[in-house]
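Structure, as structure tokens:
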Amino acid sequence: MSCRLFNIGNTHVLTAELLPDGTLSDYRAFDTPGFDPEVFSDKDMAVVSVVPAWESHFSSKGAFVLNWKSCSPVLSLSEMGTPETVGADRIANSAALISTGKTPALCIDFGTAITFEYVDSDRKLRGGAILPGRQLLRKSLNDYTAKLPLIPLSDQLLSVPGKNTVEAMRIGTDTGAVGAVREILGQFRVLQPDLRLVFCGGDSAFFAPLFPEAEVYGADFTLKGLAHAFRVCCEHK
């Protein structure tokens, strides 16, 4: 079964074609504010969205929408106190953990936010963590101060001390994000020592060299989870 897949984030939309053999092709990316789904309206569609308006739009078009209700054939949310609040992107990442390798596993998705998804060996989402991504940290300093500039992302992790305001901001936001990831990951490893670690998301390339044990996937990891969920759910109809 072929299908057009959509991963709709707060900033970008990534879409790909799911072919009958299970592979993905024809990747395309859009800015979320200017996205026009009517370009693909002639195809069967499956969607994971963190934007409620787009989730409603695709539901009205008869698309398969991955959420806390539709994921049960793939992933159990029985350990989550309020499953209805679990983001669809986190559900898709959890499904991708199951489809790409062994569990227990932890996915860290480096996007606008940095999200952690922990899936146990029984295919249950046990929980995770959420913190601001590097760009969001930078933007908050610019938004809530009078003089601090909005600085672009950079690939290099600077060492202390920062010699000027921009360097100091880079150290604070970048090293702060890395330190937060290390601390949270360390707590997960106490909980589950033999944890498989997966990185994905648009900013994963910055973090990956600092965590060589991680399996690094591209921006399509969430789409892989959506594809797996779509196939399994279709089989259970």
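Derivation of every value follows stated rules applied to the coordinates shown; laboratory data play no part. For clarity, every value in this text was computed on a predicted model and none was experimentally measured. Glycine also receives a Cβ, built like all others from the backbone with ideal geometry; neighbour counts cover every protein chain displayed.
Points worth noting:
- Helix 176-191 vs. the chain, principal-axis angle (Cα, 0 to 90°, nearest 10): 60 degrees
- Relative contact order %, the range 118-201, counting alpha carbon pairs below 8 Å whose residues are six or more apart: 19 percent
- Using just its DSSP H runs of length 4 or more, each adding -39500 (n - 2.57), the chain gives a mean residue ellipticity at 222 nm of -9000 deg cm²/dmol after division by all residues.
- The chain, relative contact order in percent, only Cα pairs under 8 angstrom and at least six apart counted: 20 percent
- To the nearest ten degrees, helix 88-100 and the longest principal axis of the Cα atoms of the chain are 80 degrees apart.
- Under 5 Å between amide hydrogens, built in the peptide plane, is the criterion, and for HIS12 it picks out THR32 among residues at least 5 positions away or on other chains.
- About the Cα centre, charge dipole magnitude for the chain (Lys/Arg +1, Asp/Glu -1 at Cβ), debye: 400 debye
- Residue pairs exceeding 29 angstrom between C-alpha atoms, taken from LYS124/LYS224; LYS43/LYS102; LYS43/LYS139; LYS69/LYS139; LYS61/LYS139; LYS43/LYS124: LYS43/LYS102; LYS43/LYS139; LYS69/LYS139; LYS61/LYS139; LYS43/LYS124.
- The trypsin sites (Lys or Arg not before Pro) found in the range 25-89 that occupy coil by DSSP, while having at most 15 further C-beta atoms within 10 Å, are LYS43, LYS61, LYS69.
- Here r is the Cβ-Cβ distance between GLN192 and SER154 and R0 is 25 Å; the resulting FRET efficiency, rounded to 0.05, is 0.15.
- Two-site FRET efficiency, TYR144 against ASP31, from Cβ-Cβ distance with R₀ of 35 Å, rounded to 0.05: 0.90
- Helix 134-143 axis, angle to the chain major axis (alpha carbon atoms, nearest 10°): 60 degrees
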